[in-house]
Amino acid sequence: MTATTHPVQPVLSARRRWTVLAVCCLSMFLVGLDTTIVNVGLPAIGRGLGVGTRSLEWTVDAYTLVLAGLLISSGALADRWGRRRVFQLGLVLFGAASLLCAIAPSVGALVAARAVQGIGASMLSPVALSIVVNVMPDPRERAQAIGVWASVFGLSMAAGPVTGGALIAGFGWRSVFWINAPVVVAALVLSAVFVPKSRAQRAQRPDLPGQALLTVVIGVSVGILIEGPRIGWTSLGALTAYAFAALATVAFVWVESCVREPLMDLRLFRRPVFTSAVLGAVAVFVALNMTLLLNTLYLQHTRGWTPLAAGVATLPMAVGATVCAPLSGHLVGRVGPRLPLVLAGGFITAGGLCLVGLDPHTSLLLLLPAYLLIGIGFGFANAPITNTAVSGLPPARAGVAGAITSTARQFGSALGIAIAGALVAGSAPSGLAHASRPGWLLVAMCGLFLFLVAHASRPMNDTGAP
């Protein structure tokens, strides 16, 4: 893959650089919030539209699958058309799709609007990171900025259930989409005023075969997990899907190895540090989204709680992420990613293990600390994973690495939802807690995997650069 070069940008003042970061973080808050805010509202959406759990899974995964599939192409599109222009286009598309979600008359219309929302979101995540990386010339400042950026994204995902529960209690489930409109308008105005124009001197050629194959791999892999309980894991349809996903994966690797300018630069995966960070991103977001969905179904279906009560129950998780996410970004900037990753792995593992014996009457004295532990772990995880992925790379390749890591996050989100749904599919409310126990064990295993990511990460040297 030919390295993308960037025109020399004027050095912005410190205040302007951090203002640009704030604007990018605002957009990322939207993207992250809409990944999880719907979770707590799924039972209410199901009652309002008359649909079951499987359709509700598609309501969540339609957004994350499209987002995961288009992130890298959107980053390349921004290099060609201009980062600020694509960033603003993504905001407009995201806002318009949010309004369509709010007025959706059926689950089919809602799923379609969520997919369009995912297209808009794909134009925000990698472009925001590319903007941040390119306006921060100092390695230490850049590491801290990446930490803040990743922390805000993680914080927004953890805060989604609390926000969603409050909105649904006061204004109904459609309000979780209406709320996006004023934030989109504010981000559009601020980006026009503060975000500088930039683009690559030589934009990457579109890789349409690679894009199509990546979309197939992600969509079929997650789709079979969602539909498997309905069609049967060993049915002809399921076996065909397995084979199709495997062939698409082989074809994707072959195409990306042959084309001059691939969608995904597979040479990055020769770096163990990068590969471990990508897999770590998948693991963290599998753990988070399994936690959110299993918690929502358990509290509302098994224990009969309202959406607001279920959202408030996740408040310890949001508090843990809120406190520890900026602390993690600070630690990454000062000592590197290894310590925050060890802390993240320890807390997520402990939280998952607390819930492997979940039953319909588990005490809140166990539930709430478990949610707090997972939230703390999630708060520590995001910044070091992003920093580990882009460490040692020039700014021109940092955007590509960041886009791949963001794709891994969203794939992990979709995978977590699909696995959680498959575990509890067909379970009666009284049996849901027992059916979810393997999910909590998997959450703990995801935490343990972060210790391997920490071992592969690079310590910070005396100059402040990894």
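Is region 221-236 home to any residue that is touching a residue at least 12 places away in the same chain (Cβ under 8 Å), loosely packed, with under 15 Cβ neighbours inside 10 Å and part of a helix (DSSP H, G or I)?
Going through region 221-236, the residues touching a residue at least 12 places away in the same chain (Cβ under 8 Å) turn out to be 221-230.
If we keep only those that are loosely packed, with under 15 Cβ neighbours inside 10 Å too, we end up with 230.
Add one more test, that the residue is part of a helix (DSSP H, G or I), and what stays is 230.
So far as region 221-236 goes, yes, one or more of its residues are touching a residue at least 12 places away in the same chain (Cβ under 8 Å), loosely packed, with under 15 Cβ neighbours inside 10 Å and part of a helix (DSSP H, G or I).
Which of the numbered conditions does residue 199 fail, given that it passes all the others? Conditions: (1) at pLDDT 75 or above; (2) in contact with a Phe, Trp or Tyr (Cβ under 9 Å, 6 or more places away or on another chain).
(1)
Select from region 178-187 the residues that are more than 22 Å from the chain's Cα centre (by Cα) and open to solvent by less than 50 Å² (accessible area, probe 1.4 Å) and list them in ascending order.
186
Here's the yes/no breakdown for (1) under 23 Å from residue 289 (Cα atoms); (2) at pLDDT below 85:
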site	(1), (2)
88	no, no
98	yes, no
106	no, no
135	no, yes
141	no, yes
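Here's the yes/no breakdown for (1) at pLDDT 85 or above; (2) in contact with a helix residue (DSSP H, G or I) (Cβ under 7 Å, 6 or more places away or on another chain); (3) among the small types (Gly, Ala, Ser); (4) under 22 Å from residue 221 (Cβ atoms):
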residue	(1), (2), (3), (4)
389	no, yes, yes, yes
423	yes, yes, no, yes
427	no, yes, yes, no
433	yes, yes, yes, no
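Quick check on region 343-361: of everything there that is in contact with a helix residue (DSSP H, G or I) (Cβ under 7 Å, 6 or more places away or on another chain) and over 17 Å from residue 444 (Cα atoms), which residue is surrounded by the most Cβ atoms within 10 Å (Cβ to Cβ)?
Result: 360.
Give 171, 177 a once-over and let me know the one that is closer than 25 Å to residue 316 by Cβ, aromatic (Phe, Trp, Tyr) and at pLDDT 75 or above.
Values: 177 fails: closer than 25 Å to residue 316 by Cβ.
Going through 171, 177 in turn, the sole match is 171.
Could you tell me how many of the residues in region 323-335 are buried (at least 24 other Cβ atoms within 10 Å of the Cβ) and modelled with pLDDT under 85? Break it down stepwise before answering.
Step one: of region 323-335, the residues buried (at least 24 other Cβ atoms within 10 Å of the Cβ) are 324-325, 328-329, 332.
Filter once more, keeping what is modelled with pLDDT under 85: 325, 329, 332.
Of the residues in region 323-335, 3 are buried (at least 24 other Cβ atoms within 10 Å of the Cβ) and modelled with pLDDT under 85.
Among the residues of region 114-121, are any closer than 23 Å to residue 95 by Cβ, of a type in the set (Val, Ile, Thr), modelled with pLDDT of 70 or more and open to solvent by 30 Å² or more (accessible area, probe 1.4 Å)?
Our first condition is that a residue be closer than 23 Å to residue 95 by Cβ; within region 114-121, this holds for 114-121.
After this cut, where a residue has to be of a type in the set (Val, Ile, Thr) as well, the list is 116, 119.
Of the ones still in play, those that are also modelled with pLDDT of 70 or more are 116, 119.
Those still in the list that are open to solvent by 30 Å² or more (accessible area, probe 1.4 Å) too: 116, 119.
Yes, some residue in region 114-121 is closer than 23 Å to residue 95 by Cβ, of a type in the set (Val, Ile, Thr), modelled with pLDDT of 70 or more and open to solvent by 30 Å² or more (accessible area, probe 1.4 Å).
List the residue pairs whose Cβ atoms are under 7 Å apart, where the first residue sits in region 280-300 and is without any contact (Cβ under 8 Å) to a residue 60 or more places away in the chain and open to solvent by less than 10 Å² (accessible area, probe 1.4 Å), the second is of a type outside the set (Gly, Ala, Ser) and in a helix (DSSP H, G or I), and the two are 6 or more positions apart or on different chains.
Note: no pairs meet the criteria.
In region 228-256, what count of residues is obtained for those that are more than 22 Å from residue 57 (Cα to Cα), touching a helix residue (DSSP H, G or I) at 6+ places or on another chain (Cβ under 6 Å) and of a type in the set (Gly, Ala, Ser)?
Of the residues in that region, 2 qualify.
Conditions: (1) over 16 Å from the mean Cα position of the chain (by Cα); (2) aliphatic (A, V, I, L, M); (3) surrounded by fewer than 21 Cβ atoms within 10 Å (Cβ to Cβ). Residue 135 meets all but one. Number of the miss?
With (1) over 16 Å from the mean Cα position of the chain (by Cα); (2) aliphatic (A, V, I, L, M); (3) surrounded by fewer than 21 Cβ atoms within 10 Å (Cβ to Cβ) applied to residue 135, the lone miss is (3).
Search region 63-75 for residues that are more than 14 Å from residue 128 (Cβ to Cβ) and pair each with any residue that is part of a helix (DSSP H, G or I) and aromatic (Phe, Trp, Tyr) when their beta-carbon atoms are under 7 Å apart and the residues are at least 6 apart or on different chains.
What qualifies is 68/411.
Would you pick out the residues in region 16-63 that are outside any helix (DSSP H, G or I) and open to solvent by less than 10 Å² (accessible area, probe 1.4 Å)?
Step one: list which residues in region 16-63 are outside any helix (DSSP H, G or I), which gives 37-38, 50-52.
Scanning region 16-63 gives 37, 38.
Looking only at region 89-96, decide whether some residue is on the phi < 0 side of the Ramachandran plot, more than 16 Å from the chain's Cα centre (by Cα), free of Cβ contacts under 8 Å to residues at least 24 places away in the same chain and open to solvent by 30 Å² or more (accessible area, probe 1.4 Å).
no
Scan region 1-15 for residues that are in contact with a helix residue (DSSP H, G or I) (Cβ under 8 Å, 6 or more places away or on another chain) and either of a type in the set (A, V, I, L, M, F, W, C) or modelled with pLDDT of 80 or more (or both) and jot them down.
Within region 1-15, 1, 3, 12 meet the criteria.
Scan region 455-465 for residues that are surrounded by fewer than 22 Cβ atoms within 10 Å (Cβ to Cβ) and either modelled with pLDDT of 90 or more or not in a helix (DSSP H, G or I) (or both) and jot them down.
Keep residues of region 455-465 that are surrounded by fewer than 22 Cβ atoms within 10 Å (Cβ to Cβ), which gives 455-456, 458-459, 461-465.
Listed by number, the residues that qualify are 458, 459, 461, 462, 463, 464, 465.
Could you give every pair whose Cβ atoms fall below 7 Å, whose first residue belongs to region 328-346 and is closer than 12 Å to residue 454 by Cα, and whose second residue is at pLDDT 85 or above and open to solvent by 30 Å² or more (accessible area, probe 1.4 Å), counting only separations of at least 6 or pairs across chains?
Cβ pairs passing all conditions: 339/331; 340/331; 342/451; 345/448; 345/451.
Please specify each residue of region 305-322 satisfying the condition of being open to solvent by 60 Å² or more (accessible area, probe 1.4 Å), more than 24 Å from residue 389 (Cβ to Cβ) and either without any contact (Cβ under 8 Å) to a residue 60 or more places away in the chain or of a type in the set (S, T, N, Q) (or both). Break it down into steps so the answer makes sense when it comes.
Our first condition is that a residue be open to solvent by 60 Å² or more (accessible area, probe 1.4 Å); within region 305-322, this holds for 305-306, 308, 312, 315, 319, 322.
Those left that are additionally more than 24 Å from residue 389 (Cβ to Cβ): 305-306, 308, 312, 315, 319.
Matches in region 305-322: 305, 306, 319.
Going by the conditions given, is residue 216 open to solvent by 20 Å² or more (accessible area, probe 1.4 Å) and either at pLDDT 90 or above or touching a Pro at 6+ places or on another chain (Cβ under 9 Å) (or both)?
Values: open to solvent by 20 Å² or more (accessible area, probe 1.4 Å): yes; either at pLDDT 90 or above or touching a Pro at 6+ places or on another chain (Cβ under 9 Å) (or both): no.
So residue 216 fails the test.
The values are calculated or read from the model by the stated rules, or taken from the named source; none is laboratory data. Computed from a predicted model, the values in this text were never measured in an experiment. Backbone-built Cβ (ideal geometry, glycine too); neighbour counts: all protein chains shown. Quick note on the areas: whole protein, heavy atoms, side chains included, nothing else; ligands and nucleic acids left out. Shrake-Rupley method; radii C 1.70, N 1.55, O 1.52, S 1.80 Å.
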